[in-house]
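As C-alpha cells, the structure follows; a few thoughts come after it.
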Amino acid sequence: MDIIDSHNHWGPSVTMGTEVTTEELLRQAEESGVSRIVIFPFPSTALADEGINQRLLNEADRVRRFIPYYYIPETMKPIPEGKGYYGGKWHWMRGIQDSSSNYQALKDSRLEEFIDVSERMDLPIVLEEEFAFTEAFVNKTKSLKIIIPHLGGLGGNPMDFLDAFKARDHVYFDTALASSDTVMKFIDKVGHERILFGSDIPFGTMKWELEKVLSLPIGDDKKEWILSKNLKRLIGLA
Ligand SMILES: [Zn+2]
C-alpha cells in the first residue's frame, strides 16, 4: 500500500530554535514505509524571511520524495505558478501566531483575488485558523480545495468543523494529532474520501500517526484512500 504523508514541517524554526532536517524526515519515512512527504516551512521562519519558500523548493528538487507546499505570506500572494509547488499553507494570517485569528484579514481586498487565483490553479490550501474565521473563509469560496489540519483541533472543536463543512465536498481534513475516535466520527459523516493522513513533524511522529490510521476499524481499501489516494487525486500526482 502506497503511503504519503500530507503534513510536515521542514527547515529551521525561528521561534522554537530548532530545525527539522531532510535526514530526520527521511529517517522517519524509512522507518514507517512512507513513500513521499509533503513539506512546508515553519511559520516564524517564513514570516522572517520569505526566501525559505525557495530553499524548500530547491530541497524538494534534490530530494524527490518531498512534495513542496508554498507558505502563503502576509501579502496573501497566491502560490507562484509553474514553479513546482503542489499546494499552499495558510497559517493564522496576520494573527498572533498559533493562538488567535485576525478577522481583519477577511476584509482585505486582496483576499478575493487570492481565492480567485487559487481556485483557478486548483491546488489545495492547508488552512489553519479559528473555527469562525475558517467558516467565513470557506463561505467566500466555491471550489477551492481546503485542507483543515488536525480535523480542526487547533482552531476549535472538531465537531463544529465537521458540522459546518460536511456538505462541502471541496473541504478536506487531515488526521495529524487527532484522536482515533474523532477520526472515526469524521469518516462516519463525510466518508473516507475527504480524510488525509498527516504527521505534523516535529509535533507528531510518522510512526505513531501512521499506526493510528492503520488501527482504525475500517477496511484496507478505505485506509489506502486516506493514506495516499485522496492526496494524489488532490494534487494530481500519478
Ligand atoms: Zn503543522
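The values are calculated or read from the model by the stated rules, or taken from the named source; none is laboratory data. This is a predicted model, so every value here is computed, not measured. Neighbour counts are summed over all protein chains in view; Cβ atoms, including those assigned to glycine, are modelled from backbone coordinates with ideal geometry. What goes into the accessible areas is simple: the full protein's heavy atoms, side chains included, and nothing from ligands, DNA or RNA. Shrake-Rupley method; radii C 1.70, N 1.55, O 1.52, S 1.80 Å.
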>> Quick check on segment 199-214. Is at least one of its residues more than 16 Å from the ligand (Cβ to nearest atom) and out of contact with any Ser or Thr (no Cβ under 8 Å at 6 or more places or on another chain)?
In response: yes
> Does at least one position in segment 36-56 carry a residue that is among the acidic types (Asp, Glu) and within 23 Å of His150 (Cα to Cα)?
Replying inline: no
> Looking at Ser143, is it away from the ligand (no atom under 16 Å from the Cβ) and part of a loop (DSSP other than H, G, I, E, B)?
Replying inline: yes
>> For the condition touching a residue at least 40 places away in the same chain (Cβ under 8 Å) and exposed (fewer than 15 other Cβ atoms within 10 Å of the Cβ), what is the one hit in Glu30, Glu112, Glu59, Glu24?
In response: Glu24
>> Anything in segment 81-107 that is open to solvent by less than 30 Å² (accessible area, probe 1.4 Å), assigned to a loop (DSSP other than H, G, I, E, B) and either in contact with a His (Cβ under 6 Å, 6 or more places away or on another chain) or within 23 Å of His170 (Cα to Cα) (or both)? List them, or say none.
In response: Tyr85, Trp92, Met93, Ser101
> Is it true that Leu151 is under 18 Å from Ser6 (Cα atoms) and part of a loop (DSSP other than H, G, I, E, B)?
Replying inline: no
> Is there any pair with a first residue in segment 214-228 that is of a type outside the set (D, E, K, R) and a second that is open to solvent by 70 Å² or more (accessible area, probe 1.4 Å) whose Cβ atoms are under 7 Å apart and which are 6 or more apart or on different chains, and what are they?
Replying inline: Trp225/Glu193; Leu227/Met1
>> If I ask for residues that are open to solvent by 40 Å² or more (accessible area, probe 1.4 Å) and among the charged types (D, E, K, R), which ones from segment 215-238 would you list?
In response: Asp220, Asp221, Lys222, Glu224, Lys229, Lys232, Arg233
>> Just to verify a result, which residue in segment 146-198, among those that are β-branched (Val, Ile, Thr) and within 16 Å of the ligand (Cβ to nearest atom), is nearest to Glu224 (Cα to Cα)?
In response: Thr175
> Got a number for residues in segment 1-45 being β-branched (Val, Ile, Thr) and closer than 17 Å to Leu227 by Cα?
Replying inline: 6
> Quick check: anything in segment 170-180 among the acidic types (Asp, Glu) and either surrounded by fewer than 22 Cβ atoms within 10 Å (Cβ to Cβ) or touching a Lys or Arg at 6+ places or on another chain (Cβ under 8 Å) (or both)?
Replying inline: no
> If you go through segment 181-214, how many residues are open to solvent by less than 80 Å² (accessible area, probe 1.4 Å) and not in a helix (DSSP H, G or I)?
Replying inline: 11
